[in-house]
1. Expressed as a whole percent, how much of the Cα-Cα distance distribution for segment 154-214 exceeds 14 Å?
2. If you count the DSSP beta bridges with both ends in the chain, what percent of them are antiparallel, to the nearest 5?
3. Zone of Phe58 (label point 7 Å along Cα→Cβ, backbone N under 20 Å): which residues in segment 104-130?
4. Could you give the accessible area per residue of the chain, probe 1.4 Å, as a whole number in Å²?
5. Give me the one-decimal nm value for the distance between modelled label points at Glu104 and Ala164, 7 Å along each residue's Cα-to-Cβ direction.
6. Any idea which of Gln196, Thr100, His121 is furthest toward the positive side of the dipole for the chain, if Lys and Arg beta-carbons carry +1 and Asp and Glu beta-carbons -1?
7. I'd like to know how segment 1-73 sits against the 2.2 N^0.38 Å rule of thumb: what's its Cα Rg over that expected value?
8. With an 8 Å cut-off on Cα pairs and a minimum separation of 6 or more residues, tell me the relative contact order of the chain in percent.
Amino acid sequence: MSDDLRIWKDQYFIYWHECDFRGEASLTAICNFLQETAWRHAEKLGFGYQDAGKINQFWVVVRWAIKMKKYPKWKDRVIVETWPRKPDQYYAFRDYKITTIEGEELGAATSTWMLLDATTHRPQKMELVKTATHVIRDVKAIGEDAARLIFPAEMLPTGRRQVAYSDVDFYGHVNNARYVEWTLNLFDEVFHKHTQIHNFQINFLQESGFGDDIDFSIQKNTTDGIIIKATRTRDGKDVFGAKRWE
């Protein structure tokens, strides 16, 4: 933790189970680091999970945009640095920098969050965060906010899966990083052997839980990169969208 309350720093050791076949931390592992560090800092600043719960609200992340220059390897140690940016009426923004312990920059990210009423699940104004305006740091880690994804009119169906035990977190919904893992699993061995994910964006649109069937579709030939959409089978609602580009 930095002496400056505006910035929080956590150190992570890269374990074997967090690595892919290259021996590097997976993108899923990186997302877990970002989320864990965000929770810790928010709790320290007085607007975390428990603070929201006291007023019958809870946090949800709605967008991530991640840019990786280089992935850490097994047994490496990395520093994840995070800070909140100025919120607007219904959205809070948090940015991140990922470095080696020697200070080499590995990547950066930005995220967008909402507060929902725990009973109605309706969006709430950012009153909880307004008490911490003195710790706002308006520095954009990747130079922009995570954007809203627009799906192409025609997308190719590419499989279905059912939400299982290992997918669900203590909210009773699929963990956000699990959606990232699902996205990566849509691509075959040849793709992963010849492609490294340097730029990745994901929008979280709907909750999904135990037993939900999820249909995936993809559009690979867009000038804007590869677009993925996940749709809940029972009601046709889009659960998340993701984009990968160079």
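The values are calculated or read from the model by the stated rules, or taken from the named source; none is laboratory data. Worth saying up front: this structure is predicted, and the values here are computed from it rather than measured. When we count neighbours, we look across all protein chains shown, and the Cβ atoms used for this are built from the backbone with ideal geometry, even at glycine. Heads up: the accessible areas ignore ligands, DNA and RNA and are worked out on the full protein's heavy atoms, side chains in. Shrake-Rupley method; radii C 1.70, N 1.55, O 1.52, S 1.80 Å.
1. Result: 64 percent of Cα pairs exceed 14 Å.
2. Values: 68 of 68 bridges.
Counting DSSP beta bridges with both partners in the chain, the antiparallel share is about 100 percent.
3. Hits in segment 104-130 for Phe58 at 20 Å: 112-129.
4. Values: 12600 Å² over 246 residues.
Normalised by residue count, the accessible surface of the chain is 51 Å².
5. Result: 3.6 nm between the two label points.
6. Projecting each Cα onto the dipole axis, the largest value belongs to His121.
7. It is 1.31.
8. Once normalised by length, the contact order is 18 percent.
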